[in-house]
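K.L.:
My questions all concern the structure below.
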Amino acid sequence: MSARIRLKKFGTKKRPFYRIIVMDKRGPRDGRTIDELGVYHPIEKEENQIAFDAEKARMWLKNGATASDVVRKILNKKGVYVK
């Protein structure tokens, strides 16, 4: 099984928010998750947009999980993603 760190969409039309989750790479966007790392609110103020557990994210990346493009940018903002 290949794990991927990606976003799971919640909210309503024009008011989305996302959970940063770990799931099987082949599963659907809103499918069953393995682990939940945090949340991403793109509409909130800059300081309240991103909240996640950095240690869990590092652990999953170290164990071979890959991050989607958007999640990679979010992790880079917080200084977690290391190539």
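K.L.:
Answer with yes or no whether residue 14 is at negative phi, exposed (fewer than 14 other Cβ atoms within 10 Å of the Cβ) and among the basic types (Lys, Arg).
P.N.:
So residue 14 does not fit the description; no.
K.L.:
Within the stretch 48-83, track down each residue that is in a helix (DSSP H, G or I), in contact (Cβ under 8 Å) with a residue 12 or more places away in the chain and either in contact with a Pro (Cβ under 8 Å, 6 or more places away or on another chain) or surrounded by 13 or more Cβ atoms within 10 Å (Cβ to Cβ) (or both).
P.N.:
Selection gives 54, 56, 57, 58, 60, 61, 70, 71, 74, 75, 78.
K.L.:
Which of (1) in a loop (DSSP other than H, G, I, E, B); (2) charged (D, E, K, R); (3) under 14 Å from the mean Cα position of the chain (by Cα) is the odd one out, the single condition residue 9 does not satisfy?
P.N.:
(1)
K.L.:
Can you pull out every residue in the stretch 36-46 that is of a type outside the set (A, V, I, L, M) and loosely packed, with under 15 Cβ neighbours inside 10 Å?
P.N.:
42, 44, 45, 46
K.L.:
Does at least one position in the stretch 24-35 carry a residue that is β-branched (Val, Ile, Thr), under 12 Å from the mean Cα position of the chain (by Cα) and surrounded by 17 or more Cβ atoms within 10 Å (Cβ to Cβ)?
P.N.:
No, the conditions are met nowhere in the stretch 24-35.
Computed from the coordinates by the stated procedures, all read-outs in this text should not be read as laboratory data. None of these values were measured; they are calculated from a predicted model. Because the Cβ atoms are built from the backbone with ideal geometry, glycine has one as well, and the counts that use them run over all protein chains shown.
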